[in-house]
Each structure stands twice: as C-alpha cells, then as structure tokens.
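The values are calculated or read from the model by the stated rules, or taken from the named source; none is laboratory data. Note that the structure is predicted; figures quoted are calculated from it, not measured. No Cβ is skipped: glycine too gets one built from the backbone with ideal geometry, and neighbour counts run over all protein chains shown.
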Amino acid sequence: MDKKIGARLQGARLAMLLTAALAAQAAGATGTAPHLESRDGRTALFVDGAPFLILGAQANNSSNYPAVLPQVWPALDDMHANTLEIPVAWEQIEPVEGRFDFSYVDTLLAQAREHGKRLVLLWFGTWKNTSPSYAPEWVKFDNKRFPRMVDRDGKASYCLSPFGEQTLAADRKAFVALMTHLAQVDGTRHTVIMMQVENEVGTYGLVRDFGAKAQAAFERPVPAEVLARQPAPVRRAASGTWREVYGDYADEYFHAWAIASYIEQVAGAGRKVLDLPMYVNNALRDAVEPLAPWKSNFASGGPTYDVIGIYKAAAPHIDIVGPDLYNAASAQIDATLARFQRPDNPLWVPEMSQAAGYGRIVYEVLGRGALGIAPFGIDYTTYSNFPLGAKEAARPALVEPFAATYAVFGSMNSLWARWALEGRTHGVAEGDDRKERTIALGGWTATVSFQEWQFGEKSWPGYTTEVPPGTEKPSGGVAIAQIGPDEFVITGQHARVRIAATQAMSADHGAMYARVEEGRFDAAGHWVMQRNWNGDQTDYGLNLTASPVILKVRMGRY
Ligand code: DGJ
C-alpha cells in the first residue's frame, strides 16, 4: 500500500477510536468531579475517575457566540482535539447589572456534549490581556464605582485597580452566578473540566496602582505567607514592608500580590459552589535573560515565572499558573517550561501559537508530563493572528501541524496521563540549533537527531546533502514513556531515535532491539501490534517521519 495512504488510514482509525471513546465519556459522565491528584511532585487531571490528557484547542476571542460555534467544532474534529477552551465573557452573561443570561453557556454545553468534547471555560472578567474590555459597559465606563489604577501623579491607567472593592464584589458575583449555573446544568456531567480565572492579567506601562488604598497597603508589612513562598531576588530584610523585603522588585511584587489576592476572592467564591480545578495564564516575561526589575518590558503584576510564589501564597484556590507560549525561540520555550514546571505548579500550557513550528512543541510539553496543551486560534472563522500565529487560518492548513500528533496521543490518552503521573515520560523538541538531544532513561539513553533520512548515515562518504521534505525548519519532536526497565513507548515526528545502554558493557556484551513493534493501544489500553520493525527500519535508528506512529520498543542485552 502507498505509504502516505497507509499513514492516513491509520490516522483515520485512531481518530475514530478517539471520537468513540470521547463520545462515550461525554454522553453519560458519572463518578467524581474533575480534580487534580498529585504524587511525588507530579500531578494529573482526573476526569470521570481516570487520568486525562487535555489535547486542547482554544477558539478565537470572539468565537464565544452561538452563531459562531458551527465554525469551531469542525476545526477541533479535524485536529483530533478532545477539549475546547473558549471564553465566557462577563459582558455577555451580565449585560445589565444583576440580570444574568446563560443562553450561550447552555448552547455551548449542549453542543460540546454532542461533539464529544470537554470544555475549559475562560472567565473574561475584570482583566482580559490586562484590559477591562470584556467587562460589561456598566463596569468599564464607571470610574467612580470601578476605579482604574492611577500613576504617581494620579493619572488614570486603562487598567482597573485590584483595590476596587465594588469591582471585586461585582466580578465575584458574576463568576459565582456562572459557577452556580454550571453546578446546576453540568454538576454531574463534567463537560466542563477546568476554569481559567481572568486572562493574562497584569498591567502594561504602569508598575502598580498608586491610589490611596494601594499606597496604604504597599506601606504595610509583607504578609507572612508571601514571605514563606517568595524569596527576594536580591536578599534584603527577612521581613518588613514590600520595599524593605523586595527592594527594587517591591512595586511589581506588590502588584502581583494585589492581583493574585483579587483573583483568589473570585476563584475561592466560585469553588464554593462548584469545585473545579482553576488556573491563571501568563503573557510571559523573558525566561532567558537575567532577572531584572520591571522596565515596562512585560505586564507588571501578571503571574510571570519569578512571582509564582506570590500567586501560590495569595491565591490558594488557583491550582496552576500556566505559560502562554508565543515566543518561538527554542531557548525561550525550554527555559519557560522548566521555570513553570515545579512541584507546587504542575505544567499546563493553556495557550500556544498555532504556527507550524509549534507542532513539535507538543512532544516536549506532553513528554514533560504536562496536564495538556492548547494551541490558540483554532476555529474556521478564518481569523489569522499572524505574526504571532499562523498566516493561513483556513481548513485544513490551520490544524495540520497538530492533527496527527493529537490523534496519536488521543489513542493512548489516559495511559499517557498515568505514565506522566508516574514520572515515566520524557519529551524533546528540535532546537533552533538543529543539534541532537539526549534523554536520560532508567538504564538507557535515547539520542534524538534531526534532519535525517530514514535510511543511511550522514557520516557516509558522499551521502546526500539534501534534507527530507518538511525538515527545512525545526520540525522534530519525540516523546518517550519508559513502561518497564527495558521497554519504551515512543512517538514523534521528523526525528531519529537511537537507544543505547547508559553503562558501557564489556567487549563481548552489548545491547540490541528485542522488538520494535508498530501498533496502537485499543480502547481498553491493550497493545495491538501491527508489525515488527527490523532490517532497514531499525539499522539506522528508529526514524519517525511526518506521519507519527506509536512504537513499543523492548531492548535486550547479550
Ligand atoms: C494571548 C491572549 O490570551 C489571547 O486571548 C489572544 O489575545 C492571543 N494572545 C493573541 O491572539
């Protein structure tokens, strides 16, 4: 059979299995509510009692209306996504103060169930990309009741103050109304599996609020729980005012505490009525350059990597601070993922560019044991957020970088999430330097190289200098789960994987493949072998092409 057709057929089979499993789950969900479980510093999301990998997709900002949803679901289907992230805007559920309208939410839930998708709802309230743009008009144009931040000269910022008591009360009331409605219509169905509270908070152009209430709080001692969790970048006083403890970082750290405390009030009140996992997302600061005080180079007060401790201290009802990945430099991506993945902060990538180069990042993120990932701008409204995202926003180009990868992970969704919880998974993405990467496994080392043909060695005299189609730009990624001492599940794209014993063996002893089975996991999680790779298919490493497959590899020693 033609190779491409074979790969497509396999993709289609995987997609059918995935859709059937999801539909069954979504049809009659029972059991425990979606929740996080942690072991040894690792965390998994449990949905209907089983670990669940979020193969997500976030719709465009203005796709949160019933009329647009028909352009959303086909994109998720084409992508083999199991979860839709989509806004619920304060302005749409409470356009008139005190009068709530959940008709959009009801349509969304009904259609998500029909399409076999889970939902992560994005609460666009007081802050959306720091602005009150999604607050109702009765909030965003009433500075007296809902004050804006002010600078040192008393000049108003565009951003609402986290010290606005009425703002907090109104946002909290609307969010609680939403959670109350969800408890009524989805409390036992579990279509909604997680909530994002606000969106990319912080403030551009002003380091903190200098209004009277804010200033009084700034001059008070740093709360003990913040001292316990947030070290000062430059060690000064162990306790005291924000300035005394955090020096040049005092203003931005104080602002992070103020916003996190506000979000805590909203999230905590919401969880009292429906206890779903909740998170915040972050428009990143540079993760590579040496840490330095804010100089208008990122949104001050947002949950950047350096203030995760403040968010943990001030917002215990927020489980996760997640990074939004839009800087394609591989050094930034590697450093960001490392900084956000901590024992007290599970890795979850709530947003990522949907540009082609980001397809490979899925392997790195899921290999690191993340709860999931969600490329942004996935729907067929043909809106392109280039240059942040893809230029081509039409079907099928938009979802192509992710579809085959999602189909593969979808076919072993719960297995992978459990392996991640057990610390068995690893992942790499090809770097901008195109250099090979190594993965330390128990007793074995995997070496991953890129821009390799399936046959032969670059070191051969006269070997071709051509590169395989699709590898002109960094495109490779590999994820490996070590499921036994000598056994591995491997998937990836545009990469060559070699596995060698970590400890060198004596001259007459060595290691070689016992089996390299290509196959799939069935709905019950049992392995179904399709063929055993040998000869040309293993002599030059395990070569993964543009069409990812699943390999179950067992190594042997002689
Ligand atoms: C990140 C934001 O969180 C999204 O809502 C969106 O505005 C993208 N940036 C850019 O398209």
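Worth pointing out:
- Residue 319 being modelled with pLDDT of 95 or more, away from the ligand (no atom under 16 Å from the Cβ) and closer than 24 Å to residue 480 by Cα: no
- Residue check for residue 459: away from the ligand (no atom under 16 Å from the Cβ) and either crowded, with 23+ Cβ neighbours inside 10 Å or among the β-branched types (Val, Ile, Thr) (or both): no
- Matching residues in segment 211-238 - criterion: being β-branched (Val, Ile, Thr) and either in a loop (DSSP other than H, G, I, E, B) or surrounded by fewer than 23 Cβ atoms within 10 Å (Cβ to Cβ) (or both): 222, 234
Here is a yes/no grid of residues against (1) in contact with a Lys or Arg (Cβ under 9 Å, 6 or more places away or on another chain); (2) hydroxyl-bearing (Ser, Thr, Tyr); (3) surrounded by fewer than 18 Cβ atoms within 10 Å (Cβ to Cβ):
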| site | (1), (2), (3) |
| --- | --- |
| 240 | no, no, yes |
| 248 | no, no, yes |
| 251 | yes, no, no |
| 281 | no, no, no |
| 290 | no, no, yes |
| 295 | no, no, yes |
| 300 | yes, yes, no |
| 306 | yes, no, no |
| 312 | yes, no, no |
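- Neighbours by Cβ (under 7 Å, 6+ apart or cross-chain): first from segment 438-450, part of a loop (DSSP other than H, G, I, E, B); second surrounded by fewer than 19 Cβ atoms within 10 Å (Cβ to Cβ) and among the basic types (Lys, Arg): 450/434
- Criterion: more than 14 Å from the ligand (Cβ to nearest atom) and either touching a Pro at 6+ places or on another chain (Cβ under 8 Å) or modelled with pLDDT under 95 (or both) - qualifying residue of 415, 366, 371: 371
- Considered as a group, the residues in segment 265-290 that are part of a loop (DSSP other than H, G, I, E, B), in contact (Cβ under 8 Å) with a residue 40 or more places away in the chain and closer than 26 Å to residue 388 by Cβ include one that is farthest from the ligand (Cβ to nearest atom), and that residue is 288.
- Residue 308 being without any contact (Cβ under 8 Å) to a residue 40 or more places away in the chain and under 18 Å from the mean Cα position of the chain (by Cα): yes
- Yes/no for residue 208 being surrounded by 24 or more Cβ atoms within 10 Å (Cβ to Cβ) and either outside any loop (DSSP other than H, G, I, E, B) or not polar (S, T, N, Q) (or both): yes
- Test set (1) touching a residue at least 40 places away in the same chain (Cβ under 8 Å); (2) on the phi < 0 side of the Ramachandran plot - residue 472 fails condition number: (1)
- The residues on offer are 408, 349, and the sole one that is away from the ligand (no atom under 14 Å from the Cβ) and in contact with a helix residue (DSSP H, G or I) (Cβ under 8 Å, 6 or more places away or on another chain) is 408.
- Put simply, of 497, 528, 553, 478 the only residue that is in a strand (DSSP E or B), out of contact with any Cys (no Cβ under 9 Å at 6 or more places or on another chain), over 26 Å from residue 431 (Cα atoms) and of a type in the set (Val, Ile, Thr) is 528.
- Of the residues making up segment 348-361, those that are within 15 Å of residue 428 (Cβ to Cβ) and either hydrophobic (A, V, I, L, M, F, W, C) or in contact with a Leu (Cβ under 8 Å, 6 or more places away or on another chain) (or both) are 358, 361.
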